[in-house]
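Just so you know, all these numbers are worked out from the coordinates, no wet-lab data involved. Predicted model, so just to flag it, every value in this text is computed and none were measured. A quick note on method: Cβ atoms are made from the backbone with ideal geometry, for glycine too, and the neighbour counts reach across all protein chains shown.
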Number of protein chains: 2
Amino acid sequence: MYYGIDIGGTTAKIGAFKNDKLVDSWVVSTQVESLEKLVKTILDSIRAKDKNILALGIDCPGFIVNNKISSSANLHFLDGVDLKEAFEKEINCKVRVINDANCHALGEAKHAHLDNIVFVALGTGVGGGFVLNGQVLEGVNGAGMEVGHMHVDDVFNFRCGCGQVGCLETLCGQKGVRNLVNHFRNNYQTKLEIDYSVKDVFDLAKANDPLAFKVFEIFTDKLGLALANLAAILNPQAIIIGGGISLAGDFLIRHVKANFEKYATPVVRNTEIRLASLGSEAGMYGAYYLVKEENK
Amino acid sequence: MYYGIDIGGTTAKIGAFKNDKLVDSWVVSTQVESLEKLVKTILDSIRAKDKNILALGIDCPGFIVNNKISSSANLHFLDGVDLKEAFEKEINCKVRVINDANCHALGEAKHAHLDNIVFVALGTGVGGGFVLNGQVLEGVNGAGMEVGHMHVDDVFNFRCGCGQVGCLETLCGQKGVRNLVNHFRNNYQTKLEIDYSVKDVFDLAKANDPLAFKVFEIFTDKLGLALANLAAILNPQAIIIGGGISLAGDFLIRHVKANFEKYATPVVRNTEIRLASLGSEAGMYGAYYLVKEENK
């Protein structure tokens, strides 16, 4: 069988595919101490079910070019590792490794039957991927589509995890929402509790809570700006918004679209902006499609 | 022989190539009234020299996908035309048509022996092209790399030719320089005469003329910002700056680089920024390479 494996900081999702359909999936822990243990954990769990493993598509966080991870944000034992090589030492099958956001982009593109899409993931930070003629843009340092690190702000100057100020993800994504809530909390009335989620902020924004709406306004304005610039550069068929925050759904998309149209040059203004459809399965699907397409 | 033809609003440059070298070139007028006359003018001028035309690579301004021009800024009789088809009616050889800035990008990439580059042309406006694995990004509407229409400004709000405000080319390129000079002329001392070129402004900026330096400062700041965002999205091997304004050379590149580094996320901060090397021959070279590569 073909497998799509979505490696994250705490778990790896493993999906078994048949005729482009996910027919089985499970989760293993990635909180192991070494590369060897990670590979063994994943392979053991698949071998327990399948004696005929044909191919492994794998995605994980980090800067990745040609299956090699130059640096991985959460799993430091992967830094500098050729993960394809590491798997091929233990198993004789086709293996392909790719960055997670790029992989999610491919999964969403294939699932939508589109060949040219921009994917933006709104999670803790902001990630992205670009699929061009069915192929993923990796970038020469594996830094293609570092959407969260587009410079969009000269007002707040929040410090980004990358070391810069003014990056998109200092205003969008979970970290961005926290920055903005902290910044405005003393200046705007709110029903927002001390302990809150992005969903709470968006729900209150919908109900016109002054603080929550202010945060939502800046979030959607800057995201609209970034998407308009992505459209002017990449001119895709569609922009697909995924990640946990995209569960805010139509309320989010409607406001992002309005801001996109405000900033976009006319020739790309009708670019479709839509919600992702694969949810947490996008990584498994993308990794599966990647290894499948390259071995047709 | 193979030909690269660079069609502009007033003239077309025609180049004859042998073993990747431009061995002959000349210019014909494009100020004709119809598509038929344009095709005839170009073909007659080539046939007068060569009885064995093998291939024509052609670039021209406008939004172009798969050889078809949806709209052309300067040559309105090309709007809606499949220019490949129009040539193939009159000659039996390989023909390929592409947008001019995209084509210049390809010419510069091939000439630099690089497969992944961003090209930015600083002329009347600001154009661009992206070469990925040796292929040009056209965009689904032929609007790929509309670099000049990235939104970068919320302060001056100069109106752009595209209908928007805040586009990069309202501050960079020749039109941008004029906007900025007009805006600041009464507030800054200057030796700039009433009738001036961009070169005059940059020469005075070098000599610390207050008005000229202010304009140069904003120009290079916003260009640096745009290039930083292009690098975060496309992560190319190099960014190549061409167009007439790039003749300002090292003085321009040095200031653009400093601003690029101010805005760029660390993983792409070492992206090389260099001057174009083909000058006004980039279009002919790019068009030649395009038709040659696709017919190897």
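For the reader, a short list of remarks on this structure follows.
- Averaging 1/r over every pair of different alpha carbons in the protein assembly as shown and inverting the result gives a Kirkwood radius of 25.4 Å.
- For B:Asp153, B:Asp82, order by how many other beta-carbon atoms lie within 10 Å, fewest first: B:Asp82, B:Asp153
- Helical segments meeting 27 Å axial Cα length and Kyte-Doolittle 1.0 threshold in chain A (DSSP H): A:210-234
- Antiparallel bridges, percent of DSSP beta bridges restricted to chain B (to nearest 5): 60
- Computed label-point distance, nm, for sites B:Glu272 and B:Lys296 using a 7 Å Cα→Cβ extension: 2.1
- Around the Cα centre of the protein assembly as shown, unit charges on the Cβ atoms of Lys, Arg, Asp and Glu (plus for the first two, minus for the last two) sum to a dipole of about 220 debye.
- A convex hull fitted around the alpha carbon atoms of segment B:213-273 yields 74 Å³ per residue.
- As an equivalent ellipsoid, segment B:82-145 spans semi-axes of 23, 15, 11 angstrom, where each value is the square root of five times an eigenvalue of the C-alpha gyration tensor, largest first.
- Highest mean first, the peptides B:206-218, A:177-189 sorted by other C-beta atoms within 10 Å per residue fall in the order B:206-218, A:177-189.
- Where both bridge residues fall in the protein assembly as shown, DSSP classifies roughly 60% of the beta bridges as antiparallel.
- Considering only B:Leu171, B:Leu22, B:Phe260, and ranking their Cα positions along the charge dipole of chain B that arises from unit charges at the beta-carbon of Lys, Arg, Asp and Glu, the one farthest toward the positive end is B:Leu22.
- Counted by Cβ distance under 12 Å from B:Gly243, the other residues give a net charge of -3, where Lys and Arg count +1 and Asp and Glu count -1.
- The Cα atoms of segment B:1-130 define a convex hull whose projected area, averaged across directions, is 7.8 nm².
- Modelled spin-label separation between B:Ala73 and B:Arg159, with each label point placed 7 Å from Cα along the Cα-to-Cβ direction: 1.8 nm.
- Over segment B:178-292, relative contact order from alpha-carbon pairs under 8 Å, at least 6 apart, %: 24
- Placing +1 on the Cβ of every Lys and Arg and -1 on the Cβ of every Asp and Glu, with nothing else charged, gives segment A:136-284 a dipole about its Cα centre of roughly 240 debye.
- Take the Cα radius of gyration of chain A and divide it by 2.2 N^0.38 Å, N being the number of residues; the result is 1.02.
- Taking the inverse of the mean reciprocal distance over all distinct Cα pairs, the Kirkwood hydrodynamic radius of segment B:116-176 comes to 12.0 Å.
- Using C-alpha pairs under 8 Å with a sequence gap of at least 6, the mean separation divided by the residue count of chain A gives a relative contact order of 20 percent.
- Just so you know, the Rg over Rh for segment A:57-106 is 0.96, from Cα atoms, with Rh as the Kirkwood radius.
- Taken over segment A:78-221, the ratio of Cα radius of gyration to 2.2 N^0.38 Å equals 1.29.
- Cα Rg over Rh - segment A:144-208, Kirkwood: 1.01
- For segment A:141-296, the equivalent ellipsoid derived from the Cα gyration tensor has semi-axes of 28, 18, 17 Å, listed largest first.
- Dipole moment magnitude, nearest 20 debye, chain A about Cα centre, only Lys, Arg, Asp, Glu C-beta charged: 320
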